[in-house]
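The values are calculated or read from the model by the stated rules, or taken from the named source; none is laboratory data. Worth saying up front: this structure is predicted, and the values here are computed from it rather than measured. For neighbour counting, all protein chains shown are included, and Cβ atoms are generated from backbone atoms with ideal geometry for every residue, glycine included.
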Amino acid sequence: MKEILQQLASNLEVGSPEVNVNVNDSTTLVRLTANTGRNEYFITGQSDDRQTYLLVSIVSSEYCDFEREHRAINQVIPMKTAYLYTGAVSGSRGQKGKTELINSLLAEFDTRQIEVYDNQKVVSASGLSPLFRETVECGAHRYNLQAAARYHQDEDLTYIYLGFPLILGEY
């Protein structure tokens, strides 16, 4: 797995990434991190006795067309692509305000909401938009769009996340 991740890093032309390997009884986790000045790269592989998962996260503070990265990754291993866009607004919006933000975002994409999650810290809704072809199946439903909002008190910012087809990772 480490060799595959290093090949991904090489194809992405990220220089010499920092490599961390953690092994416990049944799981191996390998993580490569690199910063090119324009983008941050997090290439993670996790494997247990049954399955192996690979996740490539590319973080950019400006708009990027990730077509080059997409091709570079596909040369090593076929993949499915997920996108996460993150923004922030000043101050707290409260639960009602966060719900309104999420509903407004999903309405812009003509999304039929399927699932809503609200735990007093974060509001998240996922659904199906006719504007996107690729979907993921989870249980009896298909999804291709998820939006979430969470207030971070230490920064006094409400972060808004928009994921296609879903938000992967923590928010």
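Results for (1) of a type outside the set (Lys, Arg); (2) modelled with pLDDT of 95 or more; (3) within 14 Å of residue 146 (Cβ to Cβ), shown as yes or no for each residue.
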| position | (1), (2), (3) |
| --- | --- |
| 81 | yes, no, no |
| 94 | yes, no, no |
| 106 | yes, yes, yes |
| 111 | yes, yes, yes |
| 128 | yes, yes, yes |
| 134 | yes, no, yes |
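Residue-by-condition table, conditions (1) assigned by TED's automatic domain parsing to the domain that holds residue 100; (2) more than 20 Å from residue 98 (Cβ to Cβ); (3) not aliphatic (A, V, I, L, M):
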site: 125; (1), (2), (3): yes, no, no
site: 133; (1), (2), (3): yes, yes, yes
site: 136; (1), (2), (3): yes, yes, no
site: 155; (1), (2), (3): yes, no, yes
site: 158; (1), (2), (3): yes, no, yes
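I'd like the full set of residues that are surrounded by fewer than 16 Cβ atoms within 10 Å (Cβ to Cβ) and at pLDDT 85 or above, limited to the range 43-59.
We begin by selecting, within the range 43-59, every residue surrounded by fewer than 16 Cβ atoms within 10 Å (Cβ to Cβ); these are 48-53, 55, 57, 59.
Those that are surrounded by fewer than 16 Cβ atoms within 10 Å (Cβ to Cβ) and at pLDDT 85 or above: 55, 57, 59.
Here is a yes/no grid of residues against (1) in a loop (DSSP other than H, G, I, E, B); (2) in contact with a strand residue (DSSP E or B) (Cβ under 7 Å, 6 or more places away or on another chain):
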site: 42; (1), (2): no, yes
site: 45; (1), (2): no, yes
site: 58; (1), (2): no, yes
site: 68; (1), (2): no, no
site: 73; (1), (2): no, yes
site: 77; (1), (2): yes, yes
site: 80; (1), (2): yes, no
site: 87; (1), (2): no, yes
site: 92; (1), (2): yes, yes
Among the strands (runs of 3 or more DSSP E) lying completely within the range 103-171, list those that include at least 3 residues that are closer than 18 Å to residue 85 by Cβ.
-> 122-128, 145-152, 157-164
Among the numbered conditions (1) among the β-branched types (Val, Ile, Thr); (2) surrounded by 14 or more Cβ atoms within 10 Å (Cβ to Cβ); (3) touching an Asp or Glu at 6+ places or on another chain (Cβ under 9 Å); (4) not in a strand (DSSP E or B), tell me where residue 33 comes up short.
-> (4)
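In the range 123-136, what residues are crowded, with 17+ Cβ neighbours inside 10 Å and in contact (Cβ under 8 Å) with a residue 24 or more places away in the chain?
At the first step, the residues of the range 123-136 found to be crowded, with 17+ Cβ neighbours inside 10 Å are 123-129.
Passing the criteria: 123, 124, 126.
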